[in-house]
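The next block holds one structure in the form of structure tokens; read it before the comments.
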Amino acid sequence: MPDDRRIAHIDMDAFFASCELSQYPELRGEAMVVAGRRSDAPRTNPDGTREFSRLRDYKGRGVLTTATYEARAFGVHSGMPTMKAARLAPNAVLLPVNFELYRTYSRLFKDAVRSVSSTIQDVGIDEVYADVSLLNGESEEIARQLKSAVFEATQLTCSVGIAPNKLLAKLCSDMRKPDGVTILRLEDLQSTIWPMAASKINGIGPKAGAKLGALGITTIGEIAARDEHWLVEHFGSSYGSWLHRVSHGLDDRPVVTHSEPVSMSRETTFEQDLHAVQHRQELGAAFTRLCEQVALDLQRKGYLARKIGIKLRFNDFKTVTRDVTLAEPIADAKALRRAATQCLKRVELLKSIRLLGVKAGNLQRVGEVLDDKSPQFTLDF
DNA sequence: TCTGGGGTCCTAGGACCC
DNA sequence: TCTGGGGTCCTAGGACCC
């Protein structure tokens, strides 16, 4: 892969929180978090003013979806248990998630990026990669174009990184948040990338980060200082040589403009843990509902599934999965529940259940159910 | 104060076939 | 009759990402 490529990574700033601020402008400048349920929605008074829930009023087992920069100043961040955040920032405003709103803004954002460069790859709801190799002009100018197109369409800010590949572009977009632009050339690798924490790299999570730390490695440069053999010895041939490559800023993954879904799932964490015997009714009802939701998702998007699976998380947080591959693909709620029940029978239900999930995999598009191996008129002599 | 929900990809063992 | 290697499919679990 030639390294005269130019890849942009565009990342919306505090996306969910920013979408909410566009709905509730009076909250601008206040500490605010998104989490919680519909019951946490703001109430409108007769005089038109609004009353908001506060973090201190929250009771439940959720985690923060996002937090404004003002709330982050109290030490709260997305992924933190909401009850813990409530102790750190009790007066922060609490809003429930509103995915419909975020999807609307997401479409506007992506269309705006597409108006600058048509080669874009979705990475979740609030970020995209764009291949801008073929665009004319300096990278700085392209970054400005992307940002102003996004702002015009959404009134929201984003941060942009432009680099020779996706790995580096992603690292760049994070360097000057919010509302930042960072351009990186390969020769800036040692000065800019090597001092960064290893965990900044996409693919080095908590486990790998801790293992690196135990080996005395905390920065990307310290990974790069080891030779490949050493990394392979400690992390296996695949992950070890991947670590070697990324620490040297190498990444030849293309910008993928289209992909088919691999699975669709629904899961729910109960308000209280449920026991298979004492709470049989509630569990059965939840199970049916999850199957119906997955079936509806399949049907709305036009897919059939040949693999059906379940997921259980017990009160001790241990998680088990079971799945079954069917002879014929399905999208019907009843058939789905039958298959999921088969899976459920293979799990010992002694502990209370915290989470229940249903998943459909091995997907194929409706109408593309071509039987490539059915009538076999093979004659053996 | 325990730890959401929706995904993707990888590994590893066993079955089965050639 | 024994041995072996490769390929594919299935299942379970886990790491990681947004």
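Laid out as a table, the results:
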read-out: Residues of segment A:47-90 classified as touching a Lys or Arg at 6+ places or on another chain (Cβ under 6 Å) and not in a helix (DSSP H, G or I), total; value: 2
read-out: Subset of segment A:16-45 (residues that are assigned to a strand (DSSP E or B) and either in contact with a Gly (Cβ under 8 Å, 6 or more places away or on another chain) or free of Cβ contacts under 8 Å to residues at least 60 places away in the same chain (or both)); value: A:43, A:44
read-out: Number of the condition not met by residue A:235 [criteria: (1) within 16 Å of DNA strand C (Cβ to nearest atom); (2) of a type outside the set (D, E, K, R); (3) in the same structural domain as residue A:313 (by TED's automatic domain parsing)]; value: (3)
read-out: Test: residue in segment A:270-281 that is in contact with a Gly (Cβ under 8 Å, 6 or more places away or on another chain) and open to solvent by 20 Å² or more (accessible area, probe 1.4 Å); value: yes
read-out: Residue that is out of contact with any His (no Cβ under 7 Å at 6 or more places or on another chain) and surrounded by 16 or more Cβ atoms within 10 Å (Cβ to Cβ), where the choices are A:231, A:184; value: A:184
read-out: Segment A:257-269 - residue that is closer than 26 Å to residue A:165 by Cβ and surrounded by 12 or more Cβ atoms within 10 Å (Cβ to Cβ) and, of those, nearest to DNA strand C (Cβ to nearest atom); value: A:261
read-out: Exclusive hit being within 16 Å of DNA strand C (Cβ to nearest atom), of a type in the set (Asp, Glu) and either modelled with pLDDT of 95 or more or part of a helix (DSSP H, G or I) (or both), set A:348, A:292; value: A:348
read-out: Condition met for residue A:129 (within 30 Å of residue A:186 (Cβ to Cβ) and open to solvent by less than 60 Å² (accessible area, probe 1.4 Å)); value: yes
read-out: Long-range neighbours under 8 Å by Cβ, at least six apart or interchain, first residue closer than 14 Å to residue A:296 by Cα within segment A:357-369, second of a type in the set (Val, Ile, Thr) and surrounded by 14 or more Cβ atoms within 10 Å (Cβ to Cβ); value: A:358/A:294; A:358/A:308; A:358/A:310; A:359/A:294; A:359/A:308; A:359/A:310; A:360/A:294; A:360/A:308
read-out: Selection from segment A:327-347 of residues that are open to solvent by 40 Å² or more (accessible area, probe 1.4 Å) and under 21 Å from residue A:366 (Cβ atoms); value: A:327, A:328, A:332, A:334, A:337, A:338
read-out: Residue in segment A:73-118 that is farthest from residue A:133 (Cα to Cα), counting only those that are exposed (fewer than 14 other Cβ atoms within 10 Å of the Cβ) and hydroxyl-bearing (Ser, Thr, Tyr); value: A:104
read-out: Conditions (1) part of a helix (DSSP H, G or I); (2) away from DNA strand C (no atom under 15 Å from the Cβ); number of the one not met by residue A:250; value: (1)
read-out: Residues that are farther than 20 Å from residue A:271 by Cβ and surrounded by 11 or more Cβ atoms within 10 Å (Cβ to Cβ), drawn from segment A:34-72; value: A:42, A:50, A:52, A:54, A:66, A:67, A:68, A:69, A:70, A:71, A:72
read-out: Candidates A:61, A:103 - the one that is modelled with pLDDT under 95 and of a type in the set (Lys, Arg); value: A:61
read-out: From the options A:200, A:177, A:166, residue that is basic (Lys, Arg) and more than 12 Å from DNA strand C (Cβ to nearest atom); value: A:177
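Matching residues to (1) buried (at least 16 other Cβ atoms within 10 Å of the Cβ); (2) β-branched (Val, Ile, Thr):
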position: A:189; (1), (2): yes, no
position: A:201; (1), (2): yes, yes
position: A:208; (1), (2): yes, no
position: A:215; (1), (2): no, no
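The values are calculated or read from the model by the stated rules, or taken from the named source; none is laboratory data. Keep in mind the model is a prediction, meaning the values are calculated, not measured. Backbone-built Cβ (ideal geometry, glycine too); neighbour counts: all protein chains shown. Surface areas here come from the heavy atoms of the whole protein model, side chains and all, with no ligands, DNA or RNA. Shrake-Rupley method; radii C 1.70, N 1.55, O 1.52, S 1.80 Å.
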